[in-house]
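The structure under discussion appears below in the form of structure tokens.
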Amino acid sequence: ILTAFFEFTIILVGIQEISRDNDNWLNILLRSLHILLHRGFKSSLTLPIYFLLIMPFGGLIYRSEVFTKLQIPQFVEEWIFEHWLVVPLIIFYIWVIWLALKRMYMLPLVILQDMSTREAFHESKERTQGHLIPLFIRILITGTLSVAVASGVYFGLYFLQIYMDRLPNVIATAA
């Protein structure tokens, strides 16, 4: 969890420092390390919950190798579908999405505003109060665009590879 926290901290601090025209990688690394040592251990009880709730849903935008290992085993999924537990599972997912939306500002506030996790918890709740549906729609649009752009790049590269594979045959038959 601390590794993922450190990765995310480097990204946020890096974006903030670059926007201030201070893109010295050593300063970014040292500031991120300071935040990890100052906040990471104090927040060790709430950060795992945050990462387990929010980061898997943000996987389209931000991926961490730590969370690629988290998967529901196939036999558990099969058992859920065989025993008609899909409805409670859907209700659980809706609740988790609601909770994740309510807490989505928490980690950036801890990292960038130097708030305690308790302060960030309440500030995130206040910032999202009455804005959950617009936030959900923006995240959905961002995720959809991210998938569309990535798919376009992948298909473009795939067709370029097919073209490049056929190119030597065209040159060889022309000679």
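The figures follow:
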{"read-out": "Boolean, THR68 is on the phi < 0 side of the Ramachandran plot, modelled with pLDDT under 60 and not in a loop (DSSP other than H, G, I, E, B)", "value": "yes"}
{"read-out": "Given (1) of a type in the set (Gly, Ala, Ser); (2) without any contact (Cβ under 8 Å) to a residue 24 or more places away in the chain; (3) surrounded by 11 or more Cβ atoms within 10 Å (Cβ to Cβ), index of the condition ALA148 fails", "value": "(3)"}
{"read-out": "Criterion violated by LEU107 - all others in (1) modelled with pLDDT under 80; (2) open to solvent by 40 Å² or more (accessible area, probe 1.4 Å); (3) not in a loop (DSSP other than H, G, I, E, B) satisfied", "value": "(2)"}
{"read-out": "Given (1) assigned to a helix (DSSP H, G or I); (2) more than 17 Å from the chain's Cα centre (by Cα); (3) modelled with pLDDT under 85; (4) not hydrophobic (A, V, I, L, M, F, W, C), index of the condition ASP114 fails", "value": "(1)"}
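The values are calculated or read from the model by the stated rules, or taken from the named source; none is laboratory data. Note that the coordinates shown come from a computational prediction; the quantities given were computed from them, not determined experimentally. Here the Cβ is made from the backbone with ideal geometry for all residues, glycine too, and neighbour counts use every protein chain on show. Protein only, heavy atoms only, side chains kept; ligands, DNA and RNA dropped before computing areas. Shrake-Rupley method; radii C 1.70, N 1.55, O 1.52, S 1.80 Å.
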